[in-house]
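Peer 1: Got a structure for you, questions after.
The values are calculated or read from the model by the stated rules, or taken from the named source; none is laboratory data. These figures come from a predicted structure and were not determined experimentally. Positions of Cβ are generated from backbone atoms using ideal geometry, with glycine treated the same way; all protein chains shown enter the neighbour counts.
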Amino acid sequence: MRFFVVCPGGLEVPLAQELAEIAHRPDSRALGKWVIDPTPTSPTGGIGLAAPLSAAMALNLHSRIASRVLLQMAQSPYRQEEDLYKLASGLAWEDWFTSKQTLRVDVTAHRSPLKSLNFATLKIKDAIVDRLRDVTGDRPSIDTTFPDVRVQAHLTATHITIYLDTSGEALFKRGWRDEKGDAPLRENLAAGILLITGWKPGQTLFDPMCGSGTFLIEAAQMALVIPPGAIRAGIYGDGAKPSRLAYRPLVTSAQGFGFQRLKPFNEVAEQKRWSALKESALNEVLERRKLYPNTESLEISGGDINEELVSMFKGNWQRAQLPDQPVARQIDAMASKPPVNSKNGVMLLNPPYGERLVIKGGRGQDRNSRDEGFKSEGAENRFELNLETGRQSAKRSSRESLKKLQAQEEQDPKFVEFLRQFGQHLKETFGGWNVFVLTADMALPGQLRIKESKRTPLFNGPLECRLFKLEMHQKRPSVNHSNDELND
């Protein structure tokens with residue numbers, strides 16, 4: 001089978017590394033042969049691979065960076081809309097789902113000659129519905145909000161590829177987040193950034209503006225080898241139910257992934273493979289916890305000036321099946337210090353984009369407002385497949401957002417002054433550390449008055465960002481000589 005694993009723009013290289021690691025797991029090798037496509041040299045929005053059907057289960061369970069795992073159903077040349085109908089109607093959809101299940105179809109395009117993507121979507125939808133009606137005597141209902149089954153089609157200038165979505169809800173929705181509104185930072189982006197920084201479990205990690213704890217929770221789950229899909233897979237049983245705000249109502253421990261609503265994955269053989277994958281993952285988690293018996297042993301900590309966010313972080317930490325309470329406290333970033341006995345650690349932060357920092361313990365502005373306006377799932381799909389139309393829209397949106405954010409900063413001299421002081425604080429207090437800052441403000445290093453050693457383009461949804469690496473050099477100790485020493 002052919003798969004396309006979708007990821008946030010800019011994370012193709014770490015995704016390729018992760019796919020190789022998943023493919024080399026003993027339980028993955030037991031499923032059959034995996035062949036991963038070469039790592040792309042430019043952004044593609046994902047990576048393709050050939051693997052047995054069961055690989056969809058392993059990918060959805062273990063990939064921290066993937067947004068979706070798409071199963072390729074067909075690929076063919078096309079010239080007009082009728083070609084799309086002919087291809088889609090010729091596929092045996094009745095082998096994958098029933099007419100009693102609801103359906104959603106999404107179409108994206110890259111230089112397609114067709115005039116209307118909406119009409120192309122309608123033709124593919126009609127083809128699927130007509131096929132099931134002819135075969136079963138009934139037709140499925142369309143549900144664009146909470147569908148049982150998702151079909152995606154991608155049009156290039158000459159070819160169409162049709163996919164079945166095996167993920168269902170986007171994979172960055174882990175199930176542990178319990179907060180209103182969109183997350184300020186998507187979990188799969190946070191996981192990819194952690195890989196880019198080179199941080200390894202056991203190394204000190206600190207986030208002085210941790211918010212609801214996305215970076216730190218992802219790092220702790222990495223250290224404890226907790227699969228990102230553990231809650232959705234029901235690995236922990238009924239004792240770890242998803243947060244009521246984590247998913248749409250469709251997702252339960254019984255049907256946490258899209259593949260669980262597809263016929264082939266409900267056959268006895270596939271169910272046994274799914275049980276084996278979950279059992280293997282749980283055994284790994286139990287074994288790893290012997291190395292990290294408590295929170296302090298993880299060497300992962302953070303703080304935030306907002307008391308409510310710190311409290312939210314602690315709740316998310318526990319729902320993520322992490323031990324005890326996180327090492328986190330309410331503190332101004334200007335007062336932050338390296339954890340005790342830590343040297344050459346990694347600091348990772350995602351500061352508010354030009355917003356006025358909230359007062360200590362206050363409500364202030366909601367940090368979730370960073371993503372306001374980027375809540376459409378259609379927009380997510382269009383961008384994450386890295387298509388020309390989506391990319392142009394994202395660039396326009398990011399440019400407009402950046403202008404707005406920069407204007408806010410110009411109007412908020414207190415925030416500009418804070419950045420200057422915080423940069424000086426980093427130099428004086430975190431010598432020997434590598435500091436990584438994710439921001440939509442391309443001028444942030446200059447405001448911190450620190451020259452970045454590396455910048456990595458990334459996208460948080462459609463918002464264009466940069467991950468800046470700032471190397472904090474150790475301060476040379478001052479040498480004081482007495483007059484006697486100088487006279488010797």
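Peer 1: Among the listed residues LEU277, LEU309, identify the single one that is touching a His at 6+ places or on another chain (Cβ under 9 Å) and of a type outside the set (D, E, K, R).
Peer 2: LEU277 is the lone residue from the list that is touching a His at 6+ places or on another chain (Cβ under 9 Å) and of a type outside the set (D, E, K, R).
Peer 1: So which of SER275, SER280, SER301 ends up being closer than 19 Å to ALA58 by Cα, surrounded by 13 or more Cβ atoms within 10 Å (Cβ to Cβ) and hydroxyl-bearing (Ser, Thr, Tyr)?
Peer 2: Of SER275, SER280, SER301, the one residue that is closer than 19 Å to ALA58 by Cα, surrounded by 13 or more Cβ atoms within 10 Å (Cβ to Cβ) and hydroxyl-bearing (Ser, Thr, Tyr) is SER280.
Peer 1: For GLU307, indicate whether it is without any contact (Cβ under 8 Å) to a residue 60 or more places away in the chain, farther than 25 Å from ARG232 by Cα and out of contact with any Leu (no Cβ under 7 Å at 6 or more places or on another chain).
Peer 2: yes
Peer 1: Filter the stretch 291-335 down to residues that are assigned to a strand (DSSP E or B) and among the hydrophobic types (A, V, I, L, M, F, W, C), then give me how many there are.
Peer 2: Final tally of qualifying residues: 3.
Peer 1: Do we find that ILE124 is assigned to a loop (DSSP other than H, G, I, E, B), surrounded by 15 or more Cβ atoms within 10 Å (Cβ to Cβ) and modelled with pLDDT of 95 or more in this structure?
Peer 2: No.
Peer 1: Okay, moving on. Filter the stretch 29-58 down to residues that are touching a helix residue (DSSP H, G or I) at 6+ places or on another chain (Cβ under 6 Å) and free of Cβ contacts under 8 Å to residues at least 24 places away in the same chain and give me whichever is surrounded by the most Cβ atoms within 10 Å (Cβ to Cβ).
Peer 2: Going through the qualifying residues, I end up with TRP34.
Peer 1: Find the residue count for the stretch 127-140, including only residues that are out of contact with any strand residue (DSSP E or B) (no Cβ under 7 Å at 6 or more places or on another chain) and either surrounded by 13 or more Cβ atoms within 10 Å (Cβ to Cβ) or closer than 26 Å to ALA170 by Cβ (or both).
Peer 2: Matching residues across the stretch 127-140 total 9.
Peer 1: GLU218 is checked against (1) at pLDDT below 95; (2) acidic (Asp, Glu); (3) in contact with a Pro (Cβ under 9 Å, 6 or more places away or on another chain) and fails just one. What number does that condition carry?
Peer 2: The failed condition is (1).
Peer 1: Would you mind finding the one in ILE193, ILE162 that is farther than 30 Å from VAL437 by Cα and touching a residue at least 40 places away in the same chain (Cβ under 8 Å)?
Peer 2: Unique residue meeting the criteria: ILE162.
Peer 1: Moving on to the next point. Mind checking which residues of the stretch 183-209 are more than 14 Å from VAL327 (Cβ to Cβ) and part of a loop (DSSP other than H, G, I, E, B)?
Peer 2: Those that are more than 14 Å from VAL327 (Cβ to Cβ) and part of a loop (DSSP other than H, G, I, E, B): ALA183, PRO184, LEU185, ARG186, GLY198, TRP199, LYS200, PRO201, GLY202, GLN203, MET209.
Peer 1: Just need a number here: residues in the stretch 28-58 that are within 18 Å of THR161 (Cβ to Cβ), of a type outside the set (Gly, Ala, Ser) and assigned to a helix (DSSP H, G or I).
Peer 2: 0
Peer 1: With the condition kept exactly as written, say whether any residue in the stretch 85-106 is touching a Phe, Trp or Tyr at 6+ places or on another chain (Cβ under 8 Å), assigned to a helix (DSSP H, G or I) and on the phi < 0 side of the Ramachandran plot.
Peer 2: Yes, some residue in the stretch 85-106 is touching a Phe, Trp or Tyr at 6+ places or on another chain (Cβ under 8 Å), assigned to a helix (DSSP H, G or I) and on the phi < 0 side of the Ramachandran plot.
Peer 1: Suppose we filter SER212, SER167 for residues that are among the polar types (S, T, N, Q), surrounded by 23 or more Cβ atoms within 10 Å (Cβ to Cβ) and either at pLDDT 95 or above or part of a helix (DSSP H, G or I) (or both); which single one remains?
Peer 2: The unique qualifying residue is SER167.
Peer 1: Identify, please: which residue in the stretch 95-136 is touching a residue at least 40 places away in the same chain (Cβ under 8 Å) and of a type in the set (Gly, Ala, Ser) and is, among those, nearest to PRO77 (Cα to Cα)?
Peer 2: SER112
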